[in-house]
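The values are calculated or read from the model by the stated rules, or taken from the named source; none is laboratory data. Keep in mind it's a predicted model, so treat the numbers as computed, not measured. Note: accessible area is taken over every heavy atom of the protein model, side chains too, but ligands, DNA and RNA are not part of it. Shrake-Rupley method; radii C 1.70, N 1.55, O 1.52, S 1.80 Å.
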Amino acid sequence: MQSVPMHPMAVQPMPVGQVISLSQVGTNGWSSGVCDCCEDMGVCCCAFWCLPCFQCKTVSDFGECLCLPLLDPGCLAYSGTSVSCAPVSLAMRAAVRERYRIRGSICDDCCMLYCCFSCSWCQMAREIKKHKQPVTFMTAQTTAVINPPAFQSYPQPTY
């Protein structure tokens, strides 16, 4: 019986594709306006029918304690405006701006919450929802095989 030399594999297998997930790095402004309720009707309807529940869900989606909005003083904030700016809501809006690198100031946030409390919460919820959806890029890589070893036919054994 003849021994046929085996050729070592010249090229190792490589992965064909690779998935990379990235979150979008902030914009220079809010992705939607404060009165853009038609952008996401589910958000606006939930805020309209049960604002405290909506706030708790939004804060939870942002990664904070679920009950945080319930610390805003009194029920005046839930009616749409209040005598003063709700501190937890103000901190939340500032945190959303900071995390997503949205330009603005505490003064802008305070005015927005004072004039349009529920619409401001809807805007924050839309922004959080937009940034929670990662962007996926697919990359492909091809491998060229140069001069692959030829398959040799084995001689028929003779017995």
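General remarks:
- The translational diffusion coefficient of segment 26-71, from Stokes-Einstein at 10 °C and 1.306 mPa s with a Kirkwood hydrodynamic radius over alpha carbon pairs, comes to 135 µm²/s.
- Annotation: extensible slack from Ser60 through Ala91 equals 9.7 nm (criterion: 0.36 nm per residue apart, minus Cα-Cα distance).
- For the residues Trp121, Trp30, Trp49, a 1.4 Å probe over the protein chains yields an accessible-area ranking, largest first, of Trp49, Trp30, Trp121.
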